[in-house]
Every structure is written in C-alpha cells, then in structure tokens.
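The values are calculated or read from the model by the stated rules, or taken from the named source; none is laboratory data. All values reported here derive from a predicted model rather than from experimental measurement. As a convention, Cβ positions derive from the backbone with ideal geometry for all residues, glycine included, and neighbour counts pool all protein chains shown. The accessibility values were calculated without ligands, DNA or RNA, using every heavy atom of the protein model including side chains. Shrake-Rupley method; radii C 1.70, N 1.55, O 1.52, S 1.80 Å.
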Amino acid sequence: MTGKSSRFPLSLASLAQKNTGKASPKAIAGTATPQTATRNAAAGAARRNAQGVLREPAPAFTPSTTSRVAAAAASSGGRSAPMASDGIRKAMVARVAKQGVRDTKVLAALEAVPRHLFMEPALASQAYIDAALPIGYHQTISQPYIVARMIEAMRDNSAGGVLKRVLEIGTGCGYQAAVLSVVATEVYSIERIKPLHELAKRNLRPMRIPNIRLHYGDGMLGLPQVAPFDGIILAAAGLEVPQALLDQLTVGGRLIAPVGGQRQVLQLIERIGQYEWKHVTLEPCHFVPLRPGVI
C-alpha cells in the first residue's frame, strides 16, 4: 500500500467520543446482495426510530491495537489496490449509512478496517463496492452493508450496546472478526474449512489484534468452554439455528443469523430467560449454507 497510518483515519479518541444511534429490530434490514440493499434502504429509512440512542460503552480496543493495525496497513505494499484509498473507504461507509445503518460505532469500525487487505490482489480494487465477493472454497466475504447491519442488531441490546464476549460462526477471511474486534471486548471466531482458517490467521497476524481468538472446528457446536456470549453472529444460513448456539447465549444476549434454504431471512434471537428465547424476523438475505463438521 502507498498509504501510511492514515489508512485508519479514526483515532481512538474520535471513536470513543461518538454517540451511538440504534434502530429498533423492525428497522434493521438484512441483505447480501446490493440490489435488495437498495430497496431495503428506502424502506429502512422510512421505519427508523429517531428516538433510539445507544449508550456508548468504553472502547473495547486499545491504542496499541489501533496502532498495530495501522502499522500493518502502512507496511502492506504488496496488498495495495487502485481503489483502496481512505476516500473510497469513507464513501463505502457513507453508502452503508444511507442504507439505514445508524450505529456510529459500527460505522466507525467499518471505516477503520481496510477490507482490501482481506482479499486477493486481483479483487482488491472491488473491495469497497457494496457486494459479497469470493474468497475461495465456495465462500464469500460478506458485503459491508450486511456486516454492519448484523453487528448493529447485535449491539442493540438491553446492556446499552456493551458486548463483552462475542462468537462468530464462519471466520472466512477474517474481515468481520476484525470489525467485531473494534466493538467487542473479546471476539471468538470458528471456521470449519482449514484453508480458510489458515487464511484468516495470515490476514490477521500482521495486525496483532489482541482480542481475537481464532478456532478451527465445527461452528454448529459453538464454543461451550468459553460461553456464555453476549452476542453470536452467523455468516452462513441453516434451516434453523442450532440449539447448542442458543444455549451459549447469556440472558439478554442476541444471536443474529440468516435462516432458510433457497429463500432466506435474517433472524434476530434474544435470550430472555434460562429456557426462553424471542425470535424476530428482519429482512430477506442470501448467504452460503451452514454445514456441520470440518474439512
């Protein structure tokens, strides 16, 4: 890359000082295609709850974390792209905001993480378009809009947006884990495809983000050894959400997952008691299928 630490234009102070807005569950639109995202933007804007404001928790990341990631961006000359400037990334975030994402801390995290560093050089010039793109092994890096929407929905909790411990099912190339690391104290991420697990490690290692823990294993089983989680986010769609994952939510925690086969919807599940969960269907979406086991 030709840029320096300005690849991460948001300082720790600027992130911490932002007040975070939220949308009610019904106002949260989910999609994995730019075509439906455009339609959802108009509908989502009309349904916004202008009175909802998340209380901003203390930052889950440290100055050393931000500087390490910035240093990685500055030294990644071999991963530069013609359309990877700060302005292009800011324009991507502005588009996501226009589509209805109102949580400013999520938007700041999206702006802070250079998406092109998680993609093959041949596709890096497309990193900031609002679309899912291939990362190999029939998997994709989720579109920026859906990443922001799902994290916003997870943060819209009874704890005022605080996420102490988060579980991601489907690490992929590591991009969403990096975004989550900005808004959560601890991020655990599981990948069932060994080469993708290794790819995520290679992508994240230079950034030395201290609050991400990558695991190779069956995501449908979760990580009971470190549960419960304040939030769980799935990057693949099953016909239903595995009960093992629901059991690993803390009371008050939120799970965001695409559910369905050919027709999928984004579903928000909140644990409201020891044996009780509340389900809310958000919007249509499209994800790769959720599968058991490891390969």
### ³J(HN,Hα), Karplus 6.51/-1.76/1.60, whole Hz, each residue of the stretch 110-117, x for Gly, Pro
4, 6, 6, 9, x, 4, 5, 6
### Task
Can you list which of the GluC sites (Glu not before Pro) found in the stretch 222-295 are DSSP loop residues with at most 14 other C-beta atoms within 10 Å?
240
### Solvent exposure of the stretch 126-246 as accessible area per residue, Å², 1.4 Å probe
33
### Query
Considering amide H positions built from the backbone, and no H for Pro or chain starts, which residues 5 or more places from residue 238, or on another chain, come under 5 Å of its amide H?
260, 290
### Query
Quick one: in the stretch 173-288, what % of C-alpha pairs are over 24 Å apart?
27
### Task
Leaving ligands, DNA and RNA out of it, report the carbon-plus-sulfur percent of the accessible area of the stretch 117-264 at a 1.4 Å probe.
54
### Task
Mind listing the long-range amide H neighbours of residue 249? Cut-off is under 5 Å, sequence gap 5 or more, other chains count too, H placed in the peptide plane at 1.01 Å from N.
229
### Query
In whole Hz, what ³J(HN,Hα) sequence does the stretch 157-172 give by Karplus (6.51, -1.76, 1.60; θ = phi - 60°), x for Gly and Pro?
10, 6, 8, x, x, 6, 10, 7, 9, 10, 10, 10, 9, x, 5, x
### Net lengthening on full extension, residue 272/residue 123 (0.36 nm per residue, minus Cα-Cα)
49.4 nm
### Query
At what distance in nm do the modelled label points of residue 137 and residue 295 sit from each other, each positioned 7 Å from its Cα along Cα→Cβ?
0.9
### Task
Note the full-extension length gain between residue 250 and residue 194 as 0.36 nm times their separation in residues minus their Cα-Cα distance, in nm to one decimal.
17.3 nm
### Query
Going through the stretch 220-277, which chymotrypsin sites (Phe, Trp or Tyr not before Pro) have at most 16 other Cβ atoms within 10 Å and a DSSP loop state?
275
